[in-house]
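Taken together, the values in this text are just the output of simple stated rules run on the coordinates, not laboratory data. Because the structure is predicted, anything quoted here is derived from the model rather than measured. When we count neighbours, we look across all protein chains shown, and the Cβ atoms used for this are built from the backbone with ideal geometry, even at glycine.
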Amino acid sequence: MPPGVEEPVFAEPWQAQAFAMVVALHRRGAFTWTEWADALSAEVHGRGAAPDGHDYYEHWLHALEALLVAKNVSTGAEIDDLAAAWERAARATPHGQAIVLENDPQREGAIAT
């Protein structure tokens, strides 16, 4: 932990990865910070958001997906297909090994485990 930081900034590694994706996509010009803030705000303040904010990073992901679709960076179907591929890869990966997309048994050229 950096000096002066008492607790982890992210509760789970995927939250840090989601944060990093937003920063990287912004740096590549996929969207402006104003567009990002508007998309995230719409999700966080939308119907069904937990009052205590425990679902903040789920909203973060939904905002990112919506923004990528709105900016024609990706389609909802492409995002869903990739998410499903990662789920299959996770199920196919032996415990203790890194999950890699190549482990998706439906992926062309998948590695047999």
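With R₀ fixed at 25 Å, the C-beta to C-beta distance from VAL44 to ILE99 puts the FRET efficiency at about 0.30. Residue exposure proxy: THR34, THR93, THR75, ordered by other Cβ atoms within 10 angstrom of their Cβ from fewest to most, comes out as THR34, THR75, THR93. Note on the range 11-74: Kirkwood hydrodynamic radius from all Cα pairs is 12.0 Å, rounded to one decimal. By the compact-protein rule of thumb, 2.2 N^0.38 Å, the alpha-carbon radius of gyration of the chain corresponds to a ratio of 1.25.
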